[in-house]
Amino acid sequence: MTLLATKQQITISTTADDHRIAKLTAVAIGLHLIESIFPSPLPGIKPGIANIVTLYVLYRFDFATAAWVSLLRVFAGSFMLGNFLSPTFMLSLCGAILSLAALALAINLPRHYFSPISLSILAAFSHIMGQLILVRLFLIPHAGIAYLIPVFASVALLFGVINGVVAGLLIKKHVKPEKS
């Protein structure tokens, strides 16, 4: 049996949406990598600045694009930081999924009651809740995890507000207001 080596060209068709998702994901990954440089006072406490990109994409484009950007950031960021399939990756993925689920439910709420700040806070709380549930169920199956809820909730509120303000400023600058 002989194998003939032939030159074959593989062509992958891409769309403008693919390029947009790639560019926005690159920004989110960059922010995620920058954030990973700084030490954390407690494991799991990070500002989540890459989530600013997710909120911006949610308002500027749609939920599907925001979900792609968020999930690709989690996967690519974990590969780049060398923690793919580690507990850190699982915590990040679980938090991102719950955060996206909350945003999917909340994005259709009246905009005059729910701003980027309130959506950011909701996403931050959902992210922390997802992580704490995963920790409780699989990593540290002890009820003492509940004592950490006030600390993590306070941090989620703080960074949810900060990220929401920044996302709101970006949205205000780049997103056309919806007609009422």
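The values are calculated or read from the model by the stated rules, or taken from the named source; none is laboratory data. Predicted model only: the values in this text are computed from it and were never measured. Counting neighbours? That spans all protein chains shown, and the Cβs are built from the backbone with ideal geometry, glycine included. Heavy atoms of the whole protein, side chains included, go into the accessibility calculation; ligands, DNA and RNA do not. Shrake-Rupley method; radii C 1.70, N 1.55, O 1.52, S 1.80 Å.
Simple rule: put +1 on each Lys or Arg Cβ and -1 on each Asp or Glu Cβ in region 73-180, find the dipole, and look at Val165, Met80, Ala123; the Cα lying farthest toward the positive end is Val165. Taking the Cα centre of each part, how many Å lie between region 45-120 and region 146-162? Answer, in whole Å: 17.
On a 1.4 Å probe surface of the protein chains, which of Lys23, Lys172, Lys46, Lys7 comes out largest in accessible area, and what is the full order? Intermediate values should be presented prior to the final figure.
Numbers: Lys23 145, Lys172 170, Lys46 80, Lys7 205 Å².
In descending accessible area the options line up as Lys7, Lys172, Lys23, Lys46.
Per residue, what accessible area does region 68-147 have, given a 1.4 Å probe and all protein chains present, in Å²? Show your work: numbers first, answer last.
Working: 4460 Å² over 80 residues.
Each residue of region 68-147 exposes 56 Å² on average to a 1.4 Å probe.
Rounded to the nearest 20, the size of the Cβ-charge dipole of the chain about its Cα centre is 340 debye, with Lys and Arg at +1 and Asp and Glu at -1. Under a Gaussian network description of the chain, with springs only between Cα atoms under 10 Å, the residue in Asn163, Asn51, Asn83 that fluctuates furthest is Asn83. Considering only Ser70, Leu55, Pro141, the residue lying farthest towards the positive end of the dipole of the chain is Leu55, judged by Cα position with unit charges set on Cβ. A 1.4 Å probe over all protein chains sorts Leu170, Leu58 by accessible area into Leu170, Leu58, starting with the largest.
GNM on the chain, alpha-carbon springs under 10 angstrom: the most fluctuating residue among Thr88, Thr65, Thr54 is Thr88.
Given a 1.4 Å probe and the protein chains as shown, Ile10 ends up with an accessible area of around 150 Å².
The modelled label-to-label distance between Ser36 and Ile10, using points 7 Å beyond Cα along the C-beta direction, is 2.5 nm.
Here each label is just a point 7 Å from Cα along the line to Cβ, and for Lys23 and Leu109 those points are 3.2 nm apart. Pick the calculated Rg/Rh (Cα atoms, Kirkwood Rh) for this structure from [x] 1.26; [y] 1.07; [z] 0.95? Evaluating Rg/Rh (Cα atoms, Kirkwood Rh) on these atoms matches [y].
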